[in-house]
Structure formats: structure tokens, C-alpha cells
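The values are calculated or read from the model by the stated rules, or taken from the named source; none is laboratory data. It should be emphasised that the depicted structure is a prediction, and the values quoted were computed from it without experimental measurement. We place every Cβ from the backbone using ideal geometry, glycine too, and count neighbours over all the protein chains shown.
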Protein chains: 2
Amino acid sequence: MHKIQVNVGASVTEANKRQAEENREHLEEHGIKAIDILGAVGSGKTMLVEKLTPVLRNRGFKVGAIVGDCYGDDDYQRIHALNIPTENLNTGTECHLDAHMVHHALHHLPLDDIDLLLIENVGNMVCPTDFPVGSHKRVVIVSVTEGDDVVNKHPAMFRECQIGIINKVDLAGAVGASIERMEKDMKRHNSNIQILKTNLKTGAGVEELADLITK
Amino acid sequence: MHKIQVNVGASVTEANKRQAEENREHLEEHGIKAIDILGAVGSGKTMLVEKLTPVLRNRGFKVGAIVGDCYGDDDYQRIHALNIPTENLNTGTECHLDAHMVHHALHHLPLDDIDLLLIENVGNMVCPTDFPVGSHKRVVIVSVTEGDDVVNKHPAMFRECQIGIINKVDLAGAVGASIERMEKDMKRHNSNIQILKTNLKTGAGVEELADLITK
Ligand SMILES: Nc1nc2c(ncn2[C@@H]2O[C@H](COP(=O)(O)OP(=O)(O)OP(=O)(O)O)[C@@H](O)[C@H]2O)c(=O)[nH]1
Ligand SMILES: Nc1nc2c(ncn2[C@@H]2O[C@H](COP(=O)(O)OP(=O)(O)OP(=O)(O)O)[C@@H](O)[C@H]2O)c(=O)[nH]1
Ligand SMILES: [Mg+2]
Ligand SMILES: [Mg+2]
Ligand SMILES: [Zn+2]
Ligand SMILES: [Zn+2]
């Protein structure tokens with residue numbers, strides 16, 4: 001959001017909130033629980049969907065996905081290869097998904113074949129926080145390679161999310177990041193946030209995440 | 001920028017462009033060359049300033065810096081420790097620096113003691129492209145840990161910048177990234193872009209960057 005547009009901005013976020021509520025109702029009519037996955041560029045959002053999907057499938061859930069990116073179909077191809085219903089949303093010059101884009105994607109998905117909908121937002125630690133899309137839970141994933149100050153710098157993001165994931169723990173030594181600092185900063189921004197550490201290359205932490213999002 | 005605000009948005013970016021031109025004149029009156037450093041969260045922008053500053057100082061340049069972050073003074077403290085004039089800009093809920101913020105920072109810097117001004121933008125691969133701040137060159141730094149599709153996904157960013165840096169080359173194997181793909185995508189988005197590969201932990205590539213920005 002851009003400060004100088006504050007009045008218009010307020011009505012835009014209000015309109016988005018109403019559309020997000022409609023999306024939520026639409027999802028619930030079809031018995032779908034939706035999870036919005038937020039995080040910086042390259043934090044591991046797509047790999048999270050890749051690793052989580054087989055675990056959820058093993059537990060009997062029918063998974064679907066919406067994939068947001070400014071441009072291209074890199075992520076769409078990866079998720080589509082999992083053999084789940086997938087919609088690609090290219091945002092162009094926009095830096096986040098909004099509820100209206102997600103509304104359109106819902107019209108293209110076979111909603112009665114989905115129990116759990118994973119929504120990968122655009123890589124961005126700021127703007128998506130102001131634009132809920134109708135999900136039941138918001139998950140933020142950061143990676144240690146972003147530096148251990150990444151949590152401190154983005155209070156609004158951690159206040160907005162119910163689950164916070166610290167990923168690429170295998171690379172903490174290589175960049176010199178303190179995972180302890182990241183955990184402390186998460187708790188300070190949001191004392192209720194549920195924290196998980198993952199190495200998505202090996203899948204470590206994914207079963208625990210499946211527990212949190214399905215309960 | 002948010003699609004629904006396209007008319008307001010146009011006047012906002014126009015106003016920003018005018019302020020950027022004023023900043024540029026202001027800088028040139030004081031004989032300052034300014035470099036805007038763009039890139040995703042944690043790509044290595046601050047470490048670039050940390051490594052570049054002593055190299056530029058050895059070459060006889062007086063360096064100054066403006067540091068943009070949503071919140072906090074993590075980066076400011078690191079740059080300030082280099083003993084150069086430094087201004088911290090906290091953008092709050094904004095996802096990028098704009099020319100007006102930089103204008104204010106210029107009023108707080110000792111402009112006659114600066115030849116080269118390094119402006120670290122907020123970590124974001126989308127919005128800063130639409131908001132020039134008056135710099136003479138725009139440099140984008142991505143890291144291989146963001147995934148080798150990061151360049152393909154952000155065409156506007158690479159079109160906007162004159163120099164493209166691929167950082168953390170030491171970690172390409174650990175994440176499975178193809179540096180070749182990243183280079184090819186940069187050239188495809190912008191055939192004139194000058195490409196450098198760096199390992200900022202060791203400083204590899206920094207002398208070459210100093211050559212490019214000072215010539
Ligand atoms: N070593 C290591 N690499 C990882 C881990 N998680 C993800 N990666 C790598 O990090 C890069 C980015 O992962 P993605 O899943 O594409 O990240 P993303 O958040 O979807 O990226 P965008 O959609 O572009 O914002 C890829 O090269 C992954 O292989 C991890 O835990 N450890
Ligand atoms: N291994 C390795 N680590 C690096 C390299 N460059 C930067 N890092 C590490 O990456 C992390 C992020 O670096 P920063 O310089 O803080 O990145 P930034 O772009 O300023 O981050 P923000 O301002 O938060 O967007 C830090 O832990 C650095 O030590 C590199 O070339 N190799
Ligand atoms: Mg992705
Ligand atoms: Mg920084
Ligand atoms: Zn935005
Ligand atoms: Zn923006």
C-alpha cells in the first residue's frame with residue numbers, strides 16, 4: 001500500500017475484505033479449508049506445497065492449489081506435476097494476490113474434489129498481509145538464508161499469521177544465522193504464533209505442519 | 001501498485017517521477033553519484049554496501065548511504081558501523097522507498113562530504129521498480145538461494161536495472177540452482193544488463209562491481 005493513496009487505499013482494503021468473506025463462504029459451502037502461504041521470494045513456498053501434498057494425501061485429504069506469481073508458470077508446472085487441481089494466477093505488476101483474483105480462480109477449480117486448498121501467495125513480506133483472500137489460516141515461511149533479522153523487520157506479517165515456519169535450517173551455518181533470534185522475534189511480534197522449523201529438501205518438519213493445519 | 005487504483009496510481013507514479021528528477025538535480029548540485037540497490041528480502045543488499053564501501057574508500061571516494069527497511073535499525077546499525085554518513089528510512093506498511101522519502105533523507109546527510117551515495121531499497125522484487133528515487137544507476141541483486149526461477153518471474157525488475165548481480169554463488173549446490181539459467185533469463189529480459197556473480201561472504205566480485213559503478 002502506498003501512503004499517499006491512504007483514502008483510496010482504505011476503501012480498497014475494505015472491498016478486499018468483503019470479497020475475502022465471500023470467498024470464505026464459497027469455500028465452506030463446498031466443505032473446503034483453505035491455507036494461504038506467505039513469505040519472501042524463494043523462502044520455500046512451492047517446495048512446501050510439494051512436500052505437504054503427499055503427506056496430506058496419505059492422510060486421506062483431497063488437495064488443490066492456487067499458485068500466485070508476477071509472471072510465468074514455473075511454480076504452476078511444479079504443482080501441476082503433483083496431479084492435483086491447480087490454478088495459476090499471474091499478477092503482472094501487482095505484488096500480492098487479492099481476494100478478487102482468488103475468487104476467479106475458485107470458479108476454475110473443481111471445488112467438490114477438494115478438501116484442502118493451498119494458496120501460494122506472491123513472494124513478498126509486506127503487501128499480502130493487507131490483502132486476506134478468504135483462507136482459514138495464514139502461514140508465513142521465512143528461510144534462514146534471508147538473514148536472521150528478517151523476522152524483526154516485518155512485524156505486521158507475523159501478527160497476521162497463525163503459523164510461522166523457519167525453513168532451510170540446513171543452511172544456517174553457511175549464512176551465519178541464529179535460528180534462536182528468529183524464534184524470539186516471532187514470539188515477540190505474536191505471542192500466539194505456532195513455530196515450526198523445516199528443512200524442505202529432506203522433508204523434516206512437514207508431518208508436524210500437516211498436524212497443525214489439519215487440526 | 002494495486003490494479004484497482006490504476007488512475008490514482010498513474011498520478012502517484014508521475015508525482016514520484018518528478019520528485020525523483022528533483023532529487024537527481026539536488027544530488028548533482030553537490031557532485032554526488034547515487035546508486036539504488038534493489039533485490040528481494042535477504043538477497044545481500046546490506047552486505048553489498050558493507051563490502052563495497054572499503055573498496056570505494058580505497059579508491060578515494062567518499063561514500064554515504066541511505067538504508068530502507070519497513071521496521072527497525074538492523075541494517076542502519078551495520079552500515080553506520082562502517083563510519084560513513086548514513087540515514088535510516090523506515091517505511092512501515094510501505095513496501096518500497098519513494099522519491100519523497102529519499103528527498104527527506106538528503107536533507108539530513110552532509111552532501112558535501114559524499115561522492116557516492118548507496119541507497120538500499122526495501123527487500124521487494126516488484127514495487128521499487130515503479131518508484132525511481134533519483135539515482136544514476138539501479139543495481140538489482142538476487143541470490144541463488146531464492147531459486148533459479150527468480151529472474152524469470154520478475155521481468156520488470158531486470159528491465160529497470162543496468163547491473164544485475166547473482167549472489168551467494170557458494171550456495172548454488174546446496175539449493176540446486178542453475179546460475180546459467182539465471183544469467184540467460186537476465187539477458188532475455190534485458191539484453192543490455194551487465195551481469196556479475198558474487199560471493200559476498202568472501203568479497204568475490206566486489207572489485208568488478210566497484211569498476212562498473214564508478215566508471
Ligand atoms: N538447502 C535447502 N534448499 C531449500 C529448502 N527449501 C527450499 N529450498 C530451495 O530454495 C529454492 C526456492 O524454493 P521455492 O520452493 O521455489 O521457493 P518459493 O518461496 O516458492 O519461491 P517464489 O515462489 O519464487 O517466491 C529452491 O531452489 C529450493 O530447492 C531447504 O530447506 N533447504
Ligand atoms: N553464504 C553466503 N551468505 C551470504 C552471502 N551474501 C549475503 N549472505 C548472508 O545472507 C544474509 C542476508 O544478507 P543481507 O546483506 O542482510 O541481505 P539484505 O538484502 O540486506 O536483506 P534485507 O535488507 O533484510 O532485505 C546474511 O545472513 C548474510 O550473511 C553470500 O554470498 N554467501
Ligand atoms: Mg514459489
Ligand atoms: Mg539489508
Ligand atoms: Zn502491494
Ligand atoms: Zn507497493
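Quick check: anything in the stretch A:159-175 buried (at least 18 other Cβ atoms within 10 Å of the Cβ), within 16 Å of ligand 6 (Cβ to nearest atom) and under 20 Å from A:Ile35 (Cα atoms)? Checked against the condition, which is being buried (at least 18 other Cβ atoms within 10 Å of the Cβ), within 16 Å of ligand 6 (Cβ to nearest atom) and under 20 Å from A:Ile35 (Cα atoms), the stretch A:159-175 yields no hits at all.
When A:Asp170 is tested against (1) at pLDDT 95 or above; (2) closer than 26 Å to B:Asp149 by Cα; (3) not in a helix (DSSP H, G or I), only condition (3) is not met. Residues in the stretch A:36-82 that are closer than 22 Å to A:Leu111 by Cβ, within 13 Å of ligand 3 (Cβ to nearest atom) and of a type in the set (Gly, Ala, Ser): A:Ala65, A:Gly68.
Considering each residue of the stretch A:13-67, count those that are farther than 30 Å from B:Val151 by Cα and among the aliphatic types (A, V, I, L, M), and give that number. Selection size over the stretch A:13-67: 6.
Restricting attention to the stretch A:72-105, the residues that are within 16 Å of ligand 5 (Cβ to nearest atom) and without any contact (Cβ under 8 Å) to a residue 24 or more places away in the chain add up to 4. Taken over the stretch B:106-156, the criterion of being part of a loop (DSSP other than H, G, I, E, B), more than 8 Å from chain A (Cβ to nearest Cβ) and within 16 Å of ligand 5 (Cβ to nearest atom) is satisfied by B:Asn121, B:Phe131. Just to be sure, is A:Asp185 out of contact with any Cys (no Cβ under 8 Å at 6 or more places or on another chain), farther than 20 Å from B:Ser143 by Cα and within 12 Å of another protein chain (Cβ to nearest Cβ)? So A:Asp185 fits the description; yes. Of all residues in the stretch A:85-105, those that are crowded, with 22+ Cβ neighbours inside 10 Å and either of a type in the set (S, T, N, Q) or in a loop (DSSP other than H, G, I, E, B) (or both) total 6.
How many residues, within the stretch A:46-63, are over 14 Å from A:Ile213 (Cβ atoms) and surrounded by 21 or more Cβ atoms within 10 Å (Cβ to Cβ)? Matching residues across the stretch A:46-63 total 2.
For residues that are polar (S, T, N, Q) and within 18 Å of the chain's Cα centre (by Cα), scanning just the stretch A:22-70, find the one that is nearest to ligand 2 (Cβ to nearest atom). Checked the stretch A:22-70; the qualifying residue nearest to ligand 2 (Cβ to nearest atom) is A:Ser43.
Let me confirm something: among B:Val144, B:Val150, B:Val49, which residue is within 16 Å of ligand 4 (Cβ to nearest atom) and either under 16 Å from B:Ala20 (Cβ atoms) or touching a residue at least 24 places away in the same chain (Cβ under 8 Å) (or both)?
Exactly one residue qualifies, and that residue is B:Val49.
Scan the stretch B:184-215 for residues that are more than 29 Å from B:Arg59 (Cα to Cα) and either of a type outside the set (S, T, N, Q) or assigned to a strand (DSSP E or B) (or both) and the total you get is 6.
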